[in-house]
Amino acid sequence: MVRENEIRANEIAVTPPDASDAGLVFIGRIHTPWNNRLLCPRQGRHDGPICRIEIFAPWVPALDGVERFQQLEVLYWLDQSRRDIVKQSPANNGETHGAFSLRTPVRPNPIGTSMVVFVERKDNWLMVRGLDCLNGTPLLDIKPDRCQFTPIAPPQPGDFETG
C-alpha cells in the first residue's frame, strides 16, 4: 500500500521546472466519501457510492443538457498528489514503469479522469457514481462520454488528411 510521500525501491523522483500558468480555472468542487488517499479507491466503480459535483457560478448554465447523457467524463485536479516521481513501482516489487504508462495520480500535471454514471442534477449539483478522488478535489471540466456523443457537424473535406 502506498504511503504519503513514499519513494519505493528503484523509483525515480525529479526536480520539476518552475510552473507556468496554463490559465486553468477550477469550475467546481467534487464531494466524495474519501478524505484519505489510502481509503480512496484506485478506480471508480459504477456501482460505487453516489458522489456530488458542485459547479460554481458563473459556470452553472454550462450544465444545461447534461441530463441527456448516461455517462460523463469528469476531469479534475489531483491537488494532493506528488508531481515529481517519473518512474514508479506501483506493485512495490522493485519493477518500475514510467508515469505515462500508468493510471497513477502521481504525474507532472496531476489531472484525473473518471467515466461516471449520471444519476441526477439538482440546480448546480450533479449526482454521479464512479469517482475515485478525494473529498474537496477541484473540478476542471465535464464532458459527455464520447461513445454516446454524436458530433453536430458532418465530416468536412480535408478533415482526415494528414500532411
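The values are calculated or read from the model by the stated rules, or taken from the named source; none is laboratory data. As the structure is a computational prediction, the values presented were derived from the model and not from experiment. All Cβ positions, even for glycine, are placed from backbone atoms using ideal geometry, and neighbour counts span all protein chains on display.
A few points about this structure:
- Among the residues of region 26-44, those identified as part of a loop (DSSP other than H, G, I, E, B), surrounded by 11 or more Cβ atoms within 10 Å (Cβ to Cβ) and modelled with pLDDT of 90 or more are PHE26, ILE27, THR32, PRO33, TRP34.
- Inside region 133-150, residues that are closer than 11 Å to PHE69 by Cβ and buried (at least 19 other Cβ atoms within 10 Å of the Cβ) make up a count of 1.
- ASN124, sole failed condition from (1) over 19 Å from the mean Cα position of the chain (by Cα); (2) free of Cβ contacts under 8 Å to residues at least 40 places away in the same chain: (2)
- Some residue of region 53-73 being farther than 17 Å from GLU120 by Cα, buried (at least 17 other Cβ atoms within 10 Å of the Cβ), touching a residue at least 24 places away in the same chain (Cβ under 8 Å) and within 20 Å of the chain's Cα centre (by Cα): no
- Of all residues making up region 45-89, the number that are assigned to a strand (DSSP E or B), of a type in the set (S, T, N, Q) and farther than 22 Å from CYS147 by Cα: 1
- Among residues that are surrounded by 13 or more Cβ atoms within 10 Å (Cβ to Cβ) and on the phi > 0 side of the Ramachandran plot, ASN92 is included.
- Exactly one residue out of ARG83, ARG107 is of a type in the set (Lys, Arg), more than 15 Å from CYS133 (Cα to Cα) and at pLDDT 90 or above: that is ARG83.
- Conditions (1) within 16 Å of the chain's Cα centre (by Cα); (2) under 20 Å from ARG45 (Cα atoms); number of the one not met by VAL119: (1)
- Selected residue (only one of GLY112, GLY130 is buried (at least 17 other Cβ atoms within 10 Å of the Cβ) and on the phi > 0 side of the Ramachandran plot): GLY130
- A count restricted to region 124-154 and to residues that are in a loop (DSSP other than H, G, I, E, B), in contact with a strand residue (DSSP E or B) (Cβ under 9 Å, 6 or more places away or on another chain) and not aliphatic (A, V, I, L, M) stands at 11.
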